[in-house]
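The block underneath contains the structure these notes are about, expressed in structure tokens.
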Amino acid sequence: MQYFELAIIKISRLMDLLAGIILAATATLVVANILGRALLNRPILGTYELVGFLTAAVVGLALARCALENSHIAISFLTDKLPPSWRRFTELAVGLPAMVFLFFVAYNIFSYGSRLAASGVVSSTIRLPFYPFIFLVAAGFLVLAMTVILSLFRQVVGGEAK
Amino acid sequence: MNPMTAGLIGILIFFLLIALNMPIAYAMALVGFFGFAYLTTLPAAFALVSTELFSAFANYSLSVIPMFIWMGFLAFYAGIGSRLYNLAYKLVGHLPGGLAIATQATCALFGAVCGSNTATAATIGAIALPEMQKYNYDRSLSTASVAAGGALGVLIPPSVIFIVYGIAAEQSVGRLFLAGIIPGFLLMFLYMLAIYLVARRRPELGPPGPKFSWIERLKALRGGLFEVLVIFAISLGGLFAGWFTPTEAGAVGVFGVALVTALKGGLTLEIIKKSLADTTRTTAMIMLLVASAVIFGRFIAISRIPFAMADWAAALDLPAFAVISLILLIYLVLGCFIDALALILLTIPIFLPVAVTVLGYDPIWFGVIIVMVVAMGVITPPVGMNVYIVKGVAKTVPLELIFKGVWPFLIAIFVCLVLLISFPQLATFLPSLLH
């Protein structure tokens, strides 16, 4: 359990770091494109497409860390008033379906990516095969689902609600 | 079961799930998926949570969100806020309630480089609260003035809430940004007036600070104001002039803030790392919410609830003013419980057709009004986001005391709303110049 916890925390931090680097690169690409367009009259081909894909990667990679830090908006002022045993029950009642659903979403996105990879679909302007970005988003949802398992474990085992 | 009933049951389940502390984004996606599967086919619903979810993330028009968020966090860590406060403090600090008045000016100016009300409240709170404590300000007035002032950052562009409204309502982000400027400054003046009147009546709440000579004031002018104006002019000026897409304006803003900070010798790797970490976290939160709202919105659309709402509003035979007041009242009540972004994403598909198609209001104007109403929500109990942020800065002040102090500001927002409803040009004039 401890290893699982540690692994999830490490993986989501690493993914978030990668998300930050990709975001910085995206902003640089956008500005470079403006400069190229304005000064050299030569915009960077495919910026529009790439920025979209890169943003998807940023979001996917940052999902899990965001969940670990409890940053996905939720309304807790009602459940906060419940006694601890009740609260544990409600956490399980909403956590389990959320976890199953997130695994399902991850699987769905993954199989969408596999379909595109198999059929060789590429983007329209720069003909880039973009299935790797889809896999990144699927990986993000997979780790996100695992953070929900982690918080469920903490509820059941420790009860130290956080 | 007919689609309407399924839609209503879906909405009920959604509210039940979020009341039980399920993150709002999960609940929207979950209910949206099952509702859509029920009303159409399972394969169609599968596509919704794979193809469409990815397309929502990989949408160029959404890439503007991380850019403006990063710009705001960079400005936050770079200390632009404290230089702005220094200026406002030297200009108006000597008036009754002057430090709280200076806080409003700082929030408005900082809002011009920061798109988030919570970041604005956190930045200005950390700077202004210790100063107000030094001059023995009433803690209820000082904390509430920061919480309320944070909402100015939402109206004054750039603004993440306007971007999200623009996405939900399919409106131009540039026009929405322009529309927020006059109402934003109007609200700032009304806030200042409210503070002045409160402090005039009970001087012990906001004792005047020191008075500065004009030379000192002019010196302070060089501090933050100049850099903010330059960044604003290049980034948002470029957007308004049509040179940049919103995403480009955001990226230019990021580089603008970084450059200005570097020129002052303040740009460290630490600042970049911290601001990036905050940005990716906030971006993930907002984009998951937006993508989930797309799924939920599909379900609501095929349940035909929006049409039924529009028909119902048309059949009411009430003056437009009464219907819009009713809608605002609903927003005000929901805004007390649900976060502003989530609330806008959730309700725009339902209320926008009523306001625009049935009542004939301008969708840009409606956006400004809605943003202003949710700005009330961030300072009202029980889930006033900005009040919690300020509480995080001023840990010793009880929440109730902050909520007690927000009354003058709520009245100011209300007056501003009445003015905006009576004179829609306040919001629509600047965007109309774009044509």
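The values are calculated or read from the model by the stated rules, or taken from the named source; none is laboratory data. None of these values were measured; they are calculated from a predicted model. FYI the Cβ positions are ideal-geometry reconstructions off the backbone, even for glycines, and counts take in every protein chain you see. Each accessible area value is taken on the protein alone, full model and side chains, heavy atoms only, with ligands, DNA and RNA left out. Shrake-Rupley method; radii C 1.70, N 1.55, O 1.52, S 1.80 Å.
Laid out as a table, the results:
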read-out	value
Residues in segment B:59-100 occluded by at least 40 Å² - accessible area, probe radius 1.4 Å, against chain by itself	B:Y60, B:M67, B:W70
Accessible surface of segment B:340-435, 1.4 Å probe, proportion on carbon and sulfur as whole %	75
Accessible area per residue, Å², the protein assembly as shown with all protein chains present, probe 1.4 Å	41
Per-residue average of Cβ from other chains inside 10 Å of A:43-55	4
Largest-first ordering by accessible area, 1.4 Å probe, given options B:W243, B:W312, B:W70	B:W243, B:W312, B:W70
Cross-link pairs beyond the 28 Å C-alpha cut-off, checked among B:K273/B:K391; B:K219/B:K274; B:K134/B:K219; B:K274/B:K395; A:K81/B:K404	B:K219/B:K274
Part-to-part distance (alpha-carbon centres) for segment B:278-343 and segment A:70-137, which is given in Å	23
Residues of segment B:175-195 with amide N under 18 Å of a point placed 7 Å along Cα→Cβ from B:L433	B:175-187
Protein-only accessible surface order, largest first, of B:T245, B:T380 at 1.4 Å	B:T245, B:T380
Estimated FRET transfer efficiency (B:T357, A:V100; beta-carbon r; R0 56 Å; 0.05)	0.90
Listing of segment B:278-297 residues, each with accessible area lower by at least 30 Å² in the full protein assembly than in the chain alone (probe 1.4 Å)	B:T280, B:R281, B:A284, B:M285, B:L288
Simple label model, 7 Å out from Cα along Cβ direction - A:A32 to A:N70, nm	4.1
Theoretical gain in end-to-end length, B:S213 to B:L399 [0.36 nm per residue, Cα-Cα removed]	63.2 nm
Ellipticity estimate at 222 nm from DSSP helix runs (n ≥ 4, -39,500 (n - 2.57)) divided over the protein assembly as shown, nearest 500	-25000 deg cm²/dmol
For B:A169, net neighbour charge (Lys/Arg +1, Asp/Glu -1) across residues whose Cβ lies under 12 Å away	-1
Choice from B:A251, B:A313, B:A44 with maximal GNM fluctuation in chain B (Cα, 10 Å cutoff)	B:A44
Between helix B:139-150 and chain B: long-axis angle, C-alpha atoms, 0 to 90°, nearest 10	60
For residues of B:162-172, the mean tally of beta carbons on other chains within 10 Å	0
Other-chain or far-sequence residues with amide H under 5 Å of B:L267's (modelled H)	B:A262
Pairwise label distance in nanometres, A:A24 with B:F15, each label 7 Å out on the Cα-Cβ vector	4.7
Charge dipole (debye, nearest 20) of segment A:45-115; +1 at Cβ of Lys and Arg, -1 at Cβ of Asp and Glu	180
FRET E, pair B:L410, B:D317, Förster distance 22 Å, beta-carbon r, rounded to 0.05	0.10
GNM flexibility winner over chain B from B:A342, B:A308, B:A27 (Cα, springs under 10 Å)	B:A308
Relative contact order for chain A, counting Cα pairs under 8 Å that sit 6 or more residues apart, in percent	29
Spin-label zone in segment B:404-418 - amide nitrogen under 16 Å from a point set 7 Å from the Cα of B:L332 along the C-beta vector	B:406-418
Chain pair B, A: total accessible area buried, heavy atoms, 1.4 Å probe, Å²	4600
Share of carbon and sulfur in the accessible heavy-atom surface of segment B:3-83 [1.4 Å probe, %]	78
Tilt relative to chain A, helix A:131-153 - C-alpha long axis, 0 to 90 degrees, to 10	10
Test item: B:23-29 mean partner chain Cβ contacts at 10 Å	6
Fraction of accessible area attributable to carbon and sulfur, segment B:187-319 (%, probe 1.4 Å)	69
For segment B:237-254, residues shielded by at least 40 square angstrom of accessible area compared with the chain on its own, probe 1.4 Å	B:E248
Principal-axis tilt of helix B:98-111 within chain B, Cα atoms, nearest 10 degrees	50
